[in-house]
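Inspection log for the structure reproduced underneath, given as structure tokens.
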Amino acid sequence: MSSISALRPLVIKGKKIKVPIIQGGMGVGVSLHPLARAVAREGGLGIVSSACLDRLVSRRTGKKKNVYEAAYEEVSLAKTEGGFAGINIMMALVRDYSDSVKGALDAGADAIISGAGLPLSLPAIQPPKDTALIPIVSSARALDIICKKWEKLGYRPDAVVLEGPLAGGHLGFRIDQVDLESNRLENLLPPVKDRAVKCGDFPVIVAGGIYTHEDILRFLGMGADGVQMGTRFLATEESSASETYKQAVVHATEEDILVAHRPGSPCGLPFRVIKQSPMYVSALQQKRPPKCDKGYVLMKDADGNFTVCPAKENNKDYFCICNGLLSSAGYNTDKEEALYTVGTNAARVDKILSVKRLMNELTGIGG
Ligand SMILES: Cc1cc2nc3c(=O)[nH]c(=O)nc-3n(C[C@H](O)[C@H](O)[C@H](O)COP(=O)(O)O)c2cc1C
Ligand code: SF4
């Protein structure tokens, strides 16, 4: 019997995603349309990342694109070969949030997945029509808060992603809570599943540390409806990470991966990195003078202007994440050092695969 039958489809907002695997959004510039399109083609849900997309798409096309246009274009391209594709839009990118949402909705994204903060007002931005709205949470409490707020807006989540502490990127836990037994994904799942059932019975998708076909079967057996995976898709031919980034993932050992915090992300959340990332090494020595020339994580000041980022003045506790991540996607590499974010499982990656091969391995068809 083909193992694909062991992976039952994931149904979100009436759409039947044949393979219950979501390729997690990876910013900056790692999950763009080539990766999302390949995953969609293989029957999963492909997700582009909205982070800094205006810059990345403007550079690629040679035409100045604003945030709305860039989100519209990237989602449209991700859907050109069939299957399901959507976008990840982080709450922490406050300034561009609404425009990214509108661009994705107008392009007919199959899903908007949103975390790095609680996406409390997501359903109010524009009627989502067929687009599924999917929050990312790290606890049942966060899901409760979102459900209550969305109920007032006349909406309920179409699914939820529960992300545990082994994930790549920003983590939804305090630094002292990352290693707690109670925060293991296995232990977070039952209460979140319970809330999801009570709150309207929508699918629960688990993320963080899932690596093999057997891992997927194990979590589906525990009540999850699907999985979201990042690190494995980072290490594919179709991901838009730079070659040096991919090689750093291939060579990383367990000891090379740590959760950065002071110096850490100006978004204020713990952030997992390869400790040899050039920008992280420089941050430890305060080698890069503070300089803000990208502004994607700016927050509002008392007058309502987007001027505030902790990394703007303080290079002791924070690194400049906009520039570090843009550099790791091959942007301005002559001017800025790269910052490599990964999940704990990067230590297990020993080669770069095509998406087709990876999806075959994950669905149990063969490696
Ligand atoms: C390189 C990289 C970049 C990421 N960027 C984002 C992001 O922009 N927004 C987000 O919500 N999650 C982001 N994540 C988290 C992934 O979408 C995914 O949930 C997570 O990596 C799952 O854990 P895994 O890497 O162990 O599979 C990122 C992860 C990686 C590895
Ligand atoms: S200081 Fe750096 S991280 Fe902060 S908004 Fe400016 S460019 Fe981005």
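The values are calculated or read from the model by the stated rules, or taken from the named source; none is laboratory data. Here the structure is a predicted model, which means the values were calculated and not measured. Note: ideal-geometry Cβ built from the backbone for every residue, glycine included; neighbour counts use all protein chains shown.
No other residue among Gly108, Gly103, Gly164 is over 24 Å from Val192 (Cβ atoms) and either in contact with a His (Cβ under 6 Å, 6 or more places away or on another chain) or buried (at least 20 other Cβ atoms within 10 Å of the Cβ) (or both) apart from Gly103.
The set of residues in the stretch 299-321 being near ligand 2 (Cβ under 7 Å from one of its atoms) and in contact with a strand residue (DSSP E or B) (Cβ under 6 Å, 6 or more places away or on another chain) consists of Ala311 alone.
The residue list Tyr280, Tyr296, Tyr340 contains one member that is within 13 Å of ligand 2 (Cβ to nearest atom) and at pLDDT 95 or above, which is Tyr296.
Each residue in the stretch 322-331 was checked for being away from ligand 2 (no atom under 11 Å from the Cβ) and either assigned to a helix (DSSP H, G or I) or surrounded by fewer than 19 Cβ atoms within 10 Å (Cβ to Cβ) (or both), and 3 pass.
As a summary of the residue check, Leu120 satisfies the conditions (1) within 11 Å of ligand 1 (Cβ to nearest atom); (2) at pLDDT 95 or above; (3) not charged (D, E, K, R) except for the one numbered (1). Got at least one residue in the stretch 258-267 being part of a loop (DSSP other than H, G, I, E, B), over 20 Å from Ser50 (Cα atoms), at pLDDT 95 or above and within 14 Å of ligand 1 (Cβ to nearest atom)? The answer is no, given that none of the residues of the stretch 258-267 is part of a loop (DSSP other than H, G, I, E, B), over 20 Å from Ser50 (Cα atoms), at pLDDT 95 or above and within 14 Å of ligand 1 (Cβ to nearest atom). Counted as qualifying within the stretch 1-84 are the helices (runs of 4 or more DSSP H) with 1 or more residues that are within 16 Å of ligand 2 (Cβ to nearest atom) and either closer than 14 Å to Ser239 by Cβ or touching a residue at least 24 places away in the same chain (Cβ under 8 Å) (or both), namely 53-61, 67-78. No other residue among Leu143, Leu153 is closer than 29 Å to Glu74 by Cβ, surrounded by fewer than 16 Cβ atoms within 10 Å (Cβ to Cβ), more than 15 Å from ligand 1 (Cβ to nearest atom) and more than 14 Å from the chain's Cα centre (by Cα) apart from Leu153.
Restricting attention to the stretch 270-285 and to residues that are in a loop (DSSP other than H, G, I, E, B) and not small (Gly, Ala, Ser), the residue that is farthest from ligand 1 (Cβ to nearest atom) turns out to be Gln285.
The condition of being away from ligand 2 (no atom under 16 Å from the Cβ) and crowded, with 21+ Cβ neighbours inside 10 Å holds for Met359. Of all the numbered requirements in (1) within 21 Å of Glu254 (Cα to Cα); (2) more than 15 Å from ligand 1 (Cβ to nearest atom); (3) among the aromatic types (Phe, Trp, Tyr), Phe173 misses one, and that requirement is (2). When we screen Val67, Val28 for residues that are under 17 Å from the mean Cα position of the chain (by Cα) and β-branched (Val, Ile, Thr), the only hit is Val28. Against the numbered list (1) touching an Asp or Glu at 6+ places or on another chain (Cβ under 9 Å); (2) over 29 Å from Glu74 (Cα atoms); (3) aliphatic (A, V, I, L, M), Ile257 comes up short only at (1). Could you say whether any residue in the stretch 35-53 is surrounded by fewer than 19 Cβ atoms within 10 Å (Cβ to Cβ) and touching a helix residue (DSSP H, G or I) at 6+ places or on another chain (Cβ under 7 Å)? No, the conditions are met nowhere in the stretch 35-53.
Looking at Arg357, Arg288, which is the one that is away from ligand 1 (no atom under 13 Å from the Cβ), within 24 Å of the chain's Cα centre (by Cα) and charged (D, E, K, R)?
Arg357
Summed over the stretch 106-148, residues that are within 14 Å of Val161 (Cβ to Cβ) and not in a loop (DSSP other than H, G, I, E, B) total 15.
Does the stretch 312-322 include one or more residues that are away from ligand 1 (no atom under 16 Å from the Cβ) and more than 24 Å from Leu258 (Cβ to Cβ)? Yes, because at least one residue in the stretch 312-322 is away from ligand 1 (no atom under 16 Å from the Cβ) and more than 24 Å from Leu258 (Cβ to Cβ).
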